[in-house]
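Trainee: I'd like to ask some things about the structure below.
The values are calculated or read from the model by the stated rules, or taken from the named source; none is laboratory data. Just so it is clear, the model here is predicted, and its values are computed rather than measured. Glycine also receives a Cβ, built like all others from the backbone with ideal geometry; neighbour counts cover every protein chain displayed.
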């Protein structure tokens with residue numbers, strides 16, 4: 001019984017070593033360019049995300065929706081591409097969302113060693129983190145003010161009719 005467990009452990013150790021070796025090889029080699037099949041759905045999802053946010057803001061005020069749309073498109077497709085992608089390995093290559101190619105149209109390549117210390121990596125999570133909460137807060141604000149108007153208006157009608 002013990003011999004069988006030992007053999008199984010040895011086999012597992014061999015399999016684990018193969019997995020580690022293949023992971024190291026994949027990490028070292030990486031992908032030179034991502035396939036187009038992943039780029040298109042990723043960008044469609046991003047466009048849908050921005051569109052949903054814009055529609056959410058539209059219910060509050062069309063002007064706020066246009067501001068949200070302009071700000072989001074500018075930040076996602078211009079500012080972040082310049083700040084994040086210019087020192088990325090995938091600059092002028094197709095990354096997971098194809099933004100390396102877009103970045104090459106906007107700016108020149110910088111030293112890759114600056115990638116991890118750039119301001120873009122600090123700004124990107126904040127930008128993407130605000131894409132959803134802003135429209136949700138706008139909708140909640142609109143709902144709250146709409147309920148207030150309805151309630152306040154109803155109370156005024158009751159006061160007027162009783163007087």
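Trainee: For residues that are crowded, with 20+ Cβ neighbours inside 10 Å and under 18 Å from the mean Cα position of the chain (by Cα), scanning just the range 87-96, find the one that is nearest to residue 117 (Cα to Cα).
Mentor: 88
Trainee: For the range 70-86, name all the residues that are under 21 Å from residue 131 (Cα atoms) and crowded, with 18+ Cβ neighbours inside 10 Å.
Mentor: Within the range 70-86, the first condition is being under 21 Å from residue 131 (Cα atoms), and the residues that meet it are 70-85.
Of everything in the range 70-86, those that are under 21 Å from residue 131 (Cα atoms) and crowded, with 18+ Cβ neighbours inside 10 Å turn out to be 72, 75, 76, 80, 81, 83, 84, 85.
Trainee: Would a scan of the range 20-33 turn up a residue that is in contact with a helix residue (DSSP H, G or I) (Cβ under 9 Å, 6 or more places away or on another chain) and either modelled with pLDDT under 90 or more than 28 Å from residue 140 (Cα to Cα) (or both)?
Mentor: So far as the range 20-33 goes, yes, one or more of its residues are in contact with a helix residue (DSSP H, G or I) (Cβ under 9 Å, 6 or more places away or on another chain) and either modelled with pLDDT under 90 or more than 28 Å from residue 140 (Cα to Cα) (or both).
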